[in-house]
Structure formats: structure tokens, C-alpha cells
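A.B. asks: Below you will find the structure I want to go over with you.
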Amino acid sequence: MSDIVEELDALRVTGLERIEAARDPEELEAVRVSLLGKKGSLITLLRSVGGLAPEERPAAGRTSNEVRQAIEAGLEARRKALESAELTQRLTAEAVDVTLPGRGRVPGHRHLISQIVDEIVDVFIGLGDQVAEGPEAELDYYNFTALNHPPDHPARSGQDTFYVEDLSGDVAVVAGESDVMLRTHTSPVQVRVMEAQEPPIYVLAPGRVYRRDVADPSHLPQFTQVEGLVVDRGITFGDLKGTLEHFCHVMFGADREVRLRPHFFPFTEPSAEVDVSCIICDGEGCRFCGGVGWLEILGCGMVDPNVFRLLGIDPEEYTGFAFGMGAERIAALKYGLSDIRLLLEGDMRFLRQF
Ligand code: PHE
């Protein structure tokens, strides 16, 4: 046997080995090019056929054809094998196990505080009120001065109020000396409304308020108030009382007891607080109501003529009433929550119940 035939046979063996060793279509293509390509091993070998003796040429030609066929067949077989392996792998990777249990989706819902605020707002919209809003970071003028608070009123102290740093950022203002604070009540919205619009005024202003209180079962340093303001001709304390009693009966049912207790606010005269009999102890006295059997839910009164005068409303022509209620306490009374801190803790086991 001539050398060339031997070399061709050797090429068949090593070629087929390399084909089997190719791990992916790209590697297989590289092997194909190096065996059968224009500069591949087979062509290179065949170039030397020209130098053979004439009687050796047929055998060399035949062998080279066989080798080419064997290599082509090997390439084809390997290509199919690689493709089917790839397919199997992909199918396994993308397989969906239809027997697995589904992933449940828990739909969210409105927080109890938002629900209660909506309910309160609905009652007053039913009475013809419009909804107003104001900023949570408020100026001293709106939170205190325009509401007839004297300069030395205790609520102005840094002990009761969260003061905010000067908004320009370059002066860190000591608590109690800044003009900007987190509003301590929603009453500044009254001032903003009276500044912006002429009577008759029938508005409701829900919003968050802040006080430097230590949280306990019935107090939170951040809570929600709903403010009401009515200014019109001939408004009396009777209108105030009737409106609030109507509200309490819609909210808590006709049998819950409601009382008005004389009180003082700088911006209303006369003023009162409204208590509802404690839902936890039904008037017996408990931790939630602090032992008194009643729970204060709002402050109210007839708008002080000083406030009207400051805002350019003639107190001889117009009278009005205002109130501010705490939404968390109302939620507590409605649902029998013995601790309003639960409302801010974000425990889903609690919140999901509402
Ligand atoms: N702003 C008062 C408070 O937060 C409540 C109030 C509102 C009282 C309106 C009278 C009139 O305690």
C-alpha cells in the first residue's frame, strides 16, 4: 500500500475521532473546515496524488473518495446528534410542571385609615360639603397665628410641635424657632379656604397631622384628622350640634351615646369637645378610654370673630362653625380596636381583617 493511502486511512480515523469529540455545532463546523475545507487536510493530501506513479493513482483516488464520504457521513451524524441533544436540553429547561400548585395572588386593599376617612368624607359630602386640602409642612401663620393663638401659646413650644429645618437648607433652625412645622391639626386648611374663597363655605379637609406625643393605646405622634368648616349667614351652635350628632349616628349607630363637653380652642368661641361612650368598656372605664368611659373624638366650636376679621370676613354678617375629628379614634370606636397603634404597625394579620 502506498504512503498516501495509509495517510488517507489515518486521516479517516483521526477525522472521525475529532468529529465525535465536537461538543457543539460551532466546534463541529470548525472540524469540518479543517478536514474538508479549501485548505483542509484532505485537499492537502490529494495535492500529492499528482506526484504518484500512474498505477497507484486509482487506489489513491478511490480511498480519498471513501475517506471524504466517511467524513461527510460522520459530520452529518454528529450534527444530528448535537441538534437532538440541544433540543432535549432546551425542552427540559423550559418544561412547565403543570402539576405544581398555582401561586396565589393576594389582592391589596385600602388601609383601614383610608377606608374610615372615605366613610367620614362620604357622610359630609351627603350634607353638601366640598373637599379641601392643605400642606402637611405648614407655616406658623396658618397653623397658629391666623387661628388666634397668642405668641406664647404652649402648643407653639418645641415640646408639642415638630418644627422643620429652614427650607433653604443652610440654616438649621432650633426647634421652636422655625416658621415651618409639621401641622399639628388640619385647622390651617380652614384659614387657607377662607383666604381663597368667599362665604358661603361648606368644606371638609382630611389630612395627616403630627404632634410630639408618645404613642399609647389612644394617642399617636402621627394621625389623621378630618376638619369641617361652615361659614354662612345665620349659622348657629344648633347647626353644629345637629350636624355632629347626625354624623355620630351614621358612623356609630343610633344607640352609641354622644356628649358635648365645654372646652376651649383659641379659634372657636364657644368651643366644645365631643365624646362617644367607649366601645371597649361601654362606659365602665378601661385602659383605652383612660378609665373615664368616654372617648374624645373631636373638637369643635363657633368660628371666633377674631379669625373672621383677620381674614376679611365680616362677623356681623356671617357666622360659622368648625370641627376637627381624629380618624384613628373613630376607626377604633367603630371596630372595637383597643389600641390604635395597631393601625400604624403594618401587621397584615391585623390589617387584612378590614
Ligand atoms: N384643631 C383642633 C384640634 O386639633 C380641633 C378643632 C377643629 C377645634 C376645629 C375646633 C374647631 O384639637
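The values are calculated or read from the model by the stated rules, or taken from the named source; none is laboratory data. This is a predicted model, so every value here is computed, not measured. Ideal geometry is used to build each Cβ from the backbone, glycine not excepted, and the neighbour counts take in all protein chains shown. Please note that ligands, DNA and RNA were not included when accessible areas were found on the heavy atoms of the full protein model with its side chains. Shrake-Rupley method; radii C 1.70, N 1.55, O 1.52, S 1.80 Å.
A.B. asks: Given a cut-off of under 8 Å on Cα pairs at least six residues apart, what relative contact order in percent is computed for the range 2-93?
C.D. replies: It comes to 41 percent, rounded to a whole number.
A.B. asks: How about the chain: what cysteines have no other cysteine beta carbon under 4.7 Å from their own?
C.D. replies: C248, C300
A.B. asks: Okay, next question. When the accessible area of the chain is computed with all protein chains present and a 1.4 Å probe, what percentage of it is carbon and sulfur?
C.D. replies: It is 52 percent, rounded to a whole number.
A.B. asks: Same structure, new question: Have a look at L311, A137, P150 and report the one farthest towards the positive end of the charge dipole of the chain, computed about the Cα centre with Cβ charges (Lys/Arg +1, Asp/Glu -1).
C.D. replies: Selected residue: A137.
A.B. asks: Continuing with the same structure: At a probe size of 1.4 Å, how large is the accessible area of T92, to the nearest 10 Å²?
C.D. replies: Spelled out: T92, probe radius 1.4 Å, area about 100 Å².
A.B. asks: Taking the Cα atoms only, what angle lies between the long axis of helix 25-36 and the longest principal axis of the chain, rounded to 10 degrees?
C.D. replies: Taking Cα atoms only, the helix is inclined about 20 degrees.
A.B. asks: Show me the trypsin sites (Lys or Arg not before Pro) within the range 208-241 that DSSP assigns to loop and that have at most 16 other Cβ atoms within 10 Å of their Cβ.
C.D. replies: R212, R233
A.B. asks: For a quick protection proxy, order the peptides 286-299, 37-50, 122-135, 140-153 by their average other-Cβ count within 10 Å, most packed first.
C.D. replies: 286-299, 140-153, 122-135, 37-50
A.B. asks: Can you bin the chain into rounded, prolate or oblate? Criterion: square roots of the alpha carbon gyration tensor eigenvalues sorted a ≥ b ≥ c, rounded for a/c under 1.5, prolate for a/b above b/c, oblate for the rest.
C.D. replies: Details: a/c = 5.00, a/b = 3.61, b/c = 1.38.
In terms of gyration-tensor shape, prolate.
A.B. asks: Is there a quick way to get the dipole size of the range 2-93? I mean about its Cα centre, with the Cβ of Lys and Arg at +1 and of Asp and Glu at -1; what is the value in debye to the nearest 20?
C.D. replies: Numbers: 14 positive and 17 negative charges, 60 e Å.
Roughly 280 debye, rounded to the nearest 20.
A.B. asks: Quote the relative contact order of the chain in percent (integer), defining contacts as alpha-carbon pairs under 8 Å separated by 6+ residues.
C.D. replies: 14 percent
A.B. asks: Alpha carbon centre of the range 327-350 versus the range 276-301: separation in Å?
C.D. replies: The two parts, judged by their Cα centres, are 15 Å apart.
A.B. asks: If you don't mind, another one. What is the helix-to-structure angle for 57-94, meaning the angle in degrees between its Cα long axis and the longest Cα principal axis of the chain, kept from 0 to 90 and rounded to the nearest 10?
C.D. replies: For 57-94 against the chain, the angle is about 20 degrees.
A.B. asks: Given the -39500 (n - 2.57) contribution per DSSP H run of 4+ residues, what per-residue ellipticity at 222 nm results for the chain, rounded to the nearest 500 deg cm²/dmol?
C.D. replies: -12500 deg cm²/dmol
A.B. asks: I'd like to check one number: the per residue accessible area of the chain, probe 1.4 Å, reported in Å² as a whole number.
C.D. replies: Normalised by residue count, the accessible surface of the chain is 55 Å².
A.B. asks: Go ahead and run the numbers for FRET between E345 and S84, Cβ-Cβ distance against an R0 of 51 Å, rounding to 0.05.
C.D. replies: Computed FRET efficiency for E345 and S84 comes out at 0.30.
A.B. asks: How far is helix 187-196 tilted, in degrees, relative to the longest principal axis of the Cα atoms in the chain, given as a value from 0 to 90 rounded to the nearest 10?
C.D. replies: Here the helix axis deviates by roughly 90 degrees.
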